[in-house]
Amino acid sequence: MIVWDFPLRLFHWSLFICVVGAIISAKAEVLWVHERFGLAVLGLVTFRVFWGFLGGHYARFGQFLRSPQAALNGLKTLFRPDPIAKSGHSALGGYAVIGLLGIPLFMAITGTMSNDDVLFDGPLAHLVPNMTNKIAEIHHFSANFLFLIIILHLVAILIYKFKKKRNLTMVMVKGKSNIADAKLDKDGGISAKQTFFGLIMMVAFIAAAQAITLLRPSLF
């Protein structure tokens with residue numbers, strides 16, 4: 001049974017590659033590459049927001065966004081085997097998704113208005129000339145939260161693999177889950193037409209985000 005539809009899986013691994021690429025290029029101070037990865041993150045996360053309403057069953061926000069109490073209960077049982085393993089994100093995992101989307105989105109947006117205080121300005125920095133230095137500081141500081149959410153995500157994957165005996169990584173690769181129960185779980189698959197629509201939408205959002213560089217004053 002399909003849990004994660006193909007556009008969602010492609011988004012997930014593309015975001016992983018772009019975030020890692022953005023981190024490495026920033027450390028190497030290759031800022032034009034860093035900018036391209038950051039804009040790709042912006043396009044990808046924007047796509048994911050729309051796909052949270054248009055995608056397969058388990059891709060939709062309505063499936064995993066639950067009350068804080070439900071997430072707290074999930075935290076209490078995090079290190080226990082699940083009596084009934086269900087497909088999709090748990091309530092706690094739902095809040096993790098918000099963090100994994102929100103923090104990169106925030107960094108991508110602030111990155112467009114930041115500067116390196118030397119030669120490189122973000123494509124929208126000219127719109128906030130009196131604030132770009134402060135925004136750059138916020139952008140750099142928020143990297144701490146990015147590293148934190150990545151570490152927590154990796155820890156959660158390890159807990160599920162070794163404590164709950166669920167290989168979340170392979171499910172995100174193949175889209176299928178061995179623990180899925182047709183009586184308890186809905187199928188998360190989508191039609192070929194919807195898959196094609198999702199892929200076109202993803203490419204369109206990434207292209208639109210990359211086009212933001214055309215807004216630099218020097219290009220007019």
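Of the numbered conditions (1) over 25 Å from residue 195 (Cα atoms); (2) under 16 Å from the mean Cα position of the chain (by Cα); (3) in a loop (DSSP other than H, G, I, E, B), residue 21 satisfies every one except a single condition; which is it?
Just one mismatch for residue 21, condition (3).
So which residues in region 101-120 are free of Cβ contacts under 8 Å to residues at least 60 places away in the same chain and outside any loop (DSSP other than H, G, I, E, B), if there are any at all? Let's see the steps before the verdict.
Step one: list which residues in region 101-120 are free of Cβ contacts under 8 Å to residues at least 60 places away in the same chain, which gives 101-103, 106, 110, 113-115, 117-119.
Scanning region 101-120 gives 101, 102, 103, 106, 110, 115.
Filter region 1-18 for residues that are among the aliphatic types (A, V, I, L, M) and assigned to a loop (DSSP other than H, G, I, E, B); which is farthest from residue 147 (Cα to Cα)?
Within region 1-18, the match that is farthest from residue 147 (Cα to Cα) is 1.
How about region 125-220: which helices (runs of 4 or more DSSP H) wholly inside it have at least 2 residues that are at pLDDT 95 or above?
Once the helices (runs of 4 or more DSSP H) in region 125-220 are filtered for at least 2 residues that are at pLDDT 95 or above, what remains is 132-141, 143-162, 192-210.
Which one of these is modelled with pLDDT of 95 or more, over 15 Å from the mean Cα position of the chain (by Cα) and among the acidic types (Asp, Glu): 35, 29?
Details: 29 fails: modelled with pLDDT of 95 or more.
Criteria check complete, one pass: 35.
For region 157-166, which residues satisfy the criterion of being buried (at least 17 other Cβ atoms within 10 Å of the Cβ), in contact (Cβ under 8 Å) with a residue 12 or more places away in the chain and either of a type outside the set (D, E, K, R) or in contact with a helix residue (DSSP H, G or I) (Cβ under 8 Å, 6 or more places away or on another chain) (or both)?
166, the sole residue that qualifies.
Matching residues to (1) more than 19 Å from residue 142 (Cβ to Cβ); (2) modelled with pLDDT under 95; (3) buried (at least 22 other Cβ atoms within 10 Å of the Cβ); (4) of a type in the set (Gly, Ala, Ser):
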residue: 25; (1), (2), (3), (4): no, no, no, yes
residue: 40; (1), (2), (3), (4): no, no, yes, yes
residue: 47; (1), (2), (3), (4): yes, no, yes, no
residue: 62; (1), (2), (3), (4): yes, yes, no, yes
residue: 71; (1), (2), (3), (4): yes, yes, no, yes
residue: 76; (1), (2), (3), (4): yes, yes, no, no
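In region 28-78, which helices (runs of 4 or more DSSP H) lie fully inside it and hold 3 or more residues that are farther than 24 Å from residue 108 by Cα and among the charged types (D, E, K, R)?
none
Being modelled with pLDDT under 90 and polar (S, T, N, Q) is the filter; apply it to region 78-114 and report the residue that is farthest from the chain's Cα centre (by Cα).
Top of the filtered list is 87.
The values are calculated or read from the model by the stated rules, or taken from the named source; none is laboratory data. Every value quoted in this text rests on a predicted model; they were computed, and no experiment measured them. Methodologically, a virtual Cβ is constructed for each residue, glycine included, from the backbone with ideal geometry; neighbour enumeration extends over all protein chains shown.
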